[in-house]
Structures are given as C-alpha cells and as structure tokens.
Amino acid sequence: MFGGMALSPQRWFWAVITVYVVFLNTRTRGDTIHKGLHRVIGTLVGLFGGLLIAVSIAGNHLAECAIMLAAVFSLYYFYAVSYSVAIFAVTVLLGMIYGMLGTPLEQLLLLRLEETAIGVAAAGLAACFVWPTPTHHQVRLSGFQVLQSLRDVVRASLAAIEGNASLAPIDAVRRLDRQIADLRRALVPLTAGRFIMRRARADRPITALLACAEAARALAAAAQPAADLNLTALRAQVEGVDARIAAMLSGGTAPDRGTEISDTLVGQTLLRLDLALAMLSERLADNLVDGFAVD
C-alpha cells in the first residue's frame, strides 16, 4: 500500500489488488513467484497491445465494443489455462475503457505496469520470508498422496475380486485422478522451463506417473469376481505391488519378491502397474524431485 501510494495516490489500489490476486490459490514460494511473473508479463504485453489496439480503432465504437467483449471472454476462458494471457486481456480491457473515457493511455498503462511490479515484488518478498513454503515440499506431499491413492486402487481391486462390495475400485480411481491433478499443479513452478529447454527435468516423472494411472484404471475395470481366478497368485502379485508402493512411500527400495505372475487380465494389468511403478521410481531418483517420501 505504501509503495503504491508513493507512486500514485489515486491508483495505489492496483498494487494492493496485485498482492491479493497473486496470493489466491497459491500454496508455495514457487507458485507465488511463478504467478507474479506471469502477471508482470501479461501486463507488459497488454500495455503495448492496448496502445496499439486503441490507436488502430480509435473512433470506431463498434470495433471497440467487440474488442472489449473479446477481452472479457479471454479473461474468463484463459484464467485457469494461461494466467499471463488473462492478465493481457484485463490490461487491454482497461485500456479500452479508459480510452473511451478520454484518459491518456500511455501514462495510465505505464502506471499500471509499475503498480503491478510493486505488488508482485511485495508478494514475492512475503512468500520468501514471511510464509516460506518450499515448492519441493508440496511436490513430495502431493506425490505421497498419489502413491497412497494408487495403493488404495490396488487394495480395492483385490477386494472387489474377492467379492467385497464395500470397497469400490472406481471411487479409488477418482481419488487417484484428483491427486494426480493436484501433483501436476504443484509441479508447475518446477516445470515452467519446459518452454525454454527441451524438457524440464522435473516434468519427466509425469509420463511414468500417467502410465501408473492408466494401469490402475485398467485394473479397476478388470476387478470382477470370477471362479477361474487363482486368488493365491493374485494376492501374491498384489502384495508385491503393495510392497513396491510402500517402499516408495518410505524412500526405500522394494525387494525382488519373485512372485508368480497370474496369466489373467488382472494379473497382466498388475504386471503393467508394477513395471510402471519401477519406471517411476527410477525417474524420481534421476530428476529434481527426489522421491515422494515425507517425514
């Protein structure tokens, strides 16, 4: 507030709003810094875009209204997809509104950029020193929940095969999908460099994780009671997969149990899940995300 008022006694609230909006739905230092940078980039590009559009269609009220409607649509459409594009739309919209009111746009949009920079800097300082939640900690916590959900799918599938209707594999799969979405969101600050580098290192385990999720869905779909199933062999396979997940949760290495593989759809699906978990464990060990074990 003091920084914004020192810059402009009339528009100081832009800096305060920036801090508030940047902190919305952020959980870590990386989230806050990543979102703040996107806000600055969107405002900067919107400054030039707003000036260019205002000059190009000055006096054409039909075109101005069309641009404003497009900006409002883009704000809501891109907010969850690309925050910088949404902020670009907001800046263009403000430029159009103030331009129609006869306000000089050059000074106004430059002031908005400066107020935004003050707000982003304040949010970044608060995230780093007042509430410093590390991004890697949230990634490990979210990943831990993903592995727990995978474990629940395996156990619920075995229970369904054994005829226990109290545990529904499809419900466990839905929880798994929600936890994977949460993990991908936590990884966003660490994978932002994938647009610059060939591929961000922290993003590589995601393909193995998606392979695990695909195998878990197939397992849940195949989990039906059948008279010709060898339950002893299936239980041994499930124990092997469960042991691997338990080892990943604790940060250890799963022992080679040497279990017999059931020659059924369920058995082959369990084998796919076990191989995908092994690939995930290797990629976690080789990349920035050093496992999902939590203290």
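Could you give every pair whose Cβ atoms fall below 8 Å, whose first residue belongs to the stretch 63-76 and is β-branched (V, I, T), and whose second residue is part of a helix (DSSP H, G or I), counting only separations of at least 6 or pairs across chains?
I67/I53; I67/V92; I67/M96; V72/A89; V72/L93
So A221 passes all but one of these: (1) more than 24 Å from A181 (Cβ to Cβ); (2) open to solvent by 10 Å² or more (accessible area, probe 1.4 Å); (3) not polar (S, T, N, Q). Which condition number does it fail?
All conditions pass for A221, except number (1).
Six or more apart or on different chains, Cβ under 8 Å: which pairs go from a residue in the stretch 263-277 that's without any contact (Cβ under 8 Å) to a residue 12 or more places away in the chain to one that's open to solvent by 10 Å² or more (accessible area, probe 1.4 Å) and not in a helix (DSSP H, G or I)? Could you list them?
Q268/I261
Give E106, E114 a once-over and let me know the one that is at pLDDT 90 or above, more than 28 Å from the chain's Cα centre (by Cα) and either assigned to a helix (DSSP H, G or I) or under 30 Å from A186 (Cβ atoms) (or both). Break it down stepwise before answering.
Values: E106 fails: at pLDDT 90 or above.
Answer to the selection: E114.
Got at least one residue in the stretch 160-167 being open to solvent by 50 Å² or more (accessible area, probe 1.4 Å) and of a type in the set (A, V, I, L, M, F, W, C)?
Restricting attention to the stretch 160-167, the residues satisfying the condition of being open to solvent by 50 Å² or more (accessible area, probe 1.4 Å) are 162-167.
Retained after the next criterion (residues that are of a type in the set (A, V, I, L, M, F, W, C)): 165, 167.
Within the stretch 160-167, one or more residues are open to solvent by 50 Å² or more (accessible area, probe 1.4 Å) and of a type in the set (A, V, I, L, M, F, W, C).
Could you grab me the full set of residues in the stretch 189-218 that are closer than 25 Å to A172 by Cα, among the hydrophobic types (A, V, I, L, M, F, W, C) and either open to solvent by 30 Å² or more (accessible area, probe 1.4 Å) or at pLDDT 85 or above (or both)?
Correct list: A208, L209, L210, A211, C212, A213, A215, A216, A218.
Taking the condition closer than 14 Å to V266 by Cα, surrounded by 16 or more Cβ atoms within 10 Å (Cβ to Cβ) and modelled with pLDDT under 85, does L229 pass? Outline the logic, then answer.
Values: closer than 14 Å to V266 by Cα: yes; surrounded by 16 or more Cβ atoms within 10 Å (Cβ to Cβ): yes; modelled with pLDDT under 85: yes.
Spelling it out, L229 is indeed closer than 14 Å to V266 by Cα, surrounded by 16 or more Cβ atoms within 10 Å (Cβ to Cβ) and modelled with pLDDT under 85.
Which condition number does G95 fail, the rest of (1) under 17 Å from L51 (Cα atoms); (2) of a type outside the set (A, V, I, L, M); (3) touching a residue at least 12 places away in the same chain (Cβ under 8 Å); (4) open to solvent by 20 Å² or more (accessible area, probe 1.4 Å) being met?
Among (1) under 17 Å from L51 (Cα atoms); (2) of a type outside the set (A, V, I, L, M); (3) touching a residue at least 12 places away in the same chain (Cβ under 8 Å); (4) open to solvent by 20 Å² or more (accessible area, probe 1.4 Å), G95 violates only (4).
The values are calculated or read from the model by the stated rules, or taken from the named source; none is laboratory data. These figures come from a predicted structure and were not determined experimentally. Glycine gets a Cβ as well: all are built from the backbone with ideal geometry, and neighbour counts include every protein chain shown. In case anyone asks, the SASA skips ligands and DNA or RNA and just uses the protein heavy atoms, side chains included. Shrake-Rupley method; radii C 1.70, N 1.55, O 1.52, S 1.80 Å.
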